[in-house]
Structures are given as C-alpha cells and as structure tokens.
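This report refers to the structure that appears directly beneath it.
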Amino acid sequence: MQKKITIAIDGYAGCGKSTLAKALAKALDYTFIDSGAMYRAVAFYCLENNLVLEQDEIAEATLIQQLDQISIQLGSDQRVWLNNQDITEVIRSPRVAGIVSKVAAIKAVRVKLVELQRQMSAAGGIVMDGRDIGTVVFPDAELKIFVTASIEVRTQRRLEELRAKGEVVDQLAVEENLKSRDHQDSTRAESPLKQAADAVVLDTSALSREEQLSWALARVALLVTD
Ligand code: DC
C-alpha cells in the first residue's frame, strides 16, 4: 500500500486552492479539509449573535467568552455545520467575506481552530487548504503547495462563481474584497499568510483545473513512490 502523506495548500484568496485541494483529495482518496470554512463559520456566528459592531469591529472579548459554545463540523460531503445548523451556503456570502479576515486575526479563534484542524487530521491522508497550513498547522507536512494567481484572474474567477449562484455582483467590489482580505491576512500578527520556506509555488493564472491537478499529482507521486 502506498504511504499516505499530509498535503498543505496555502495561498491568497481566490487562487483556486479549495478547488485544487478537493480534486486532489478525490484523486488520492484522501480527506479534504477546507480550513477557511471554519473561520467563515466563526464569522457567521458573530453575525448571528450580534458580535459585529459598528464599522464591522468584532466584539472580541465576548466572542472569546463564547468560543466554547461554538461547535463546527465538516461533513465528508463538504457541508459545514455550526451548532447543528447547516451553514454551507451562507458562509460564502459577501457579508461573511467582508468580516472573516477580522475574525481570523483573533488569536484565541486561531488556537481553537488549529487544534480542531489537527484533531480532524489525526487519521492521516489529508489535503488541507488555508493560509497557515504549511507554516503553523502542519509544519511537517510532506508536501506544501503555495498557490498564486494574478489579481485579474482571481477577480474574474470569483465573479463567475458568484454570478453562477445568481448573485448580482460588482467587479470592483469583488476585487477590493480580495485585495483587502489578502492585505489583512498577510499583515496580521497571528500566523500571517506567508509561503513556507519548503513550499513549492503553483501559479494557476494560465492553468486549467486539469493542468493544476496533474501538476500536483506529479508532485505527490515523487513523494509516495520510492
Ligand atoms: O479560504 P477562504 O477564503 O475561505 O478563507 C476565509 C478567511 O479565513 C480568509 O480571509 C483568511 C482566513 N483563513 C485563515 O486565516 N487561516 C486559514 N487557515 C484559512 C482561512
């Protein structure tokens, strides 16, 4: 039997990390974990529980007090549950996207979610995507991929995704949200987004999904066959 490895996929918002991670997990029969969905779940909790104040400030102290009441589950079908409520679709809304970086900058939130991410991965054979997977969650991951793409391509892809869901979207607003999240995610004090020293870079700007998957599978093959 081939050895099962841990694959960490990090990168900026809208580069196609989750799409690649999901396809890779399917091809390898590994477990896919979308860590961003977990931060989005906490952001949704904040919206639902009046923890988002004026100018989208988060009521941090109250959130920290309530962290123990937040239970997040990720189904094998990629559905996301918050305290037994299915929040799969609603966590993709612009409202959640607008505040999630602030929530993800809170240290206590990260400590809780990193612990959960490690528990979920205990069985091995994992593909996890996020911002700190190769640097903090799994610094010993056998394969670390840092995904990039131009801002133009990322904006276009996100627009298509939102339009496919029937949402009326403004191109500039989508681009600004991506840029502002990237800025917040890479400049925060706690586990900022950065490329791990031993990560390999994948620029998806000009690559189809199939090409990205083939590239990643070739990398895996180098590691699992001796
Ligand atoms: O990948 P995504 O867009 O669903 O992530 C949502 C937000 O969560 C993003 O702004 C950064 C944050 N995040 C993080 O800080 N660490 C992770 N491991 C995953 C996501």
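The values are calculated or read from the model by the stated rules, or taken from the named source; none is laboratory data. Predicted, not measured: the structure shown is a model, and the values here were computed from it. Cβ: placed from backbone, ideal geometry, glycine included. Neighbour counts: every protein chain shown. Quick note on the areas: whole protein, heavy atoms, side chains included, nothing else; ligands and nucleic acids left out. Shrake-Rupley method; radii C 1.70, N 1.55, O 1.52, S 1.80 Å.
Observations, loosely collected:
- Once the Cα gyration tensor of region 37-83 is diagonalised, semi-axes √(5λ) in Å: 22, 12, 7
- For residue 79, solvent-accessible area (1.4 Å; no DNA, RNA or ligand), Å²: 70 Å²
- Phi to ³J(HN,Hα) by Karplus 6.51 cos²θ - 1.76 cosθ + 1.60 over region 80-89, Hz, x for Gly, Pro: 10, 10, 10, 6, 6, 9, 6, 10, 3, 7
- Contact order normalised by residue count of the chain, Cα under 8 Å, 6+ apart, percent: 35 percent
- Percent antiparallel among DSSP beta bridges (both partners in the chain, rounded to 5): 25 percent
- The phi torsions of region 2-14, fed into the Karplus equation with coefficients 6.51, -1.76 and 1.60 and a -60° offset, translate into couplings of 5, 6, 9, 10, 9, 10, 9, 10, 10, x, 6, 5, x Hz, rounded to whole numbers, with Gly and Pro shown as x.
- Assigned charges on the beta-carbon of Lys, Arg, Asp, Glu; the chain dipole about Cα centre (debye): 300 debye
- Taking the centroid of alpha carbons for each part, region 45-67 and region 113-150 are 27 Å apart.
- Cut-off under 5 Å, modelled amide H: who pairs with residue 148 long-range: 202, 203, 204
- Estimated dipole of region 96-166 in Debye, rounded to 20 [Cβ of Lys and Arg +1, of Asp and Glu -1, Cα centre]: 340 debye
- Summing Lys and Arg as +1 and Asp and Glu as -1 over all other residues whose Cβ lies under 11 Å from the Cβ of residue 53 gives a net charge of -3.
- Taking a point 7 Å from the Cα of residue 89 along the Cα-to-Cβ direction, the residues of region 26-45 with backbone N closer than 20 Å to it are 37-38, 40-45.
- Ordered by 1.4 Å accessible area with all protein chains kept, 31, 155 run largest first as 31, 155.
- Potential lengthening between residue 186 and residue 77 on full extension [0.36 nm per residue; Cα-Cα distance subtracted]: 36.2 nm
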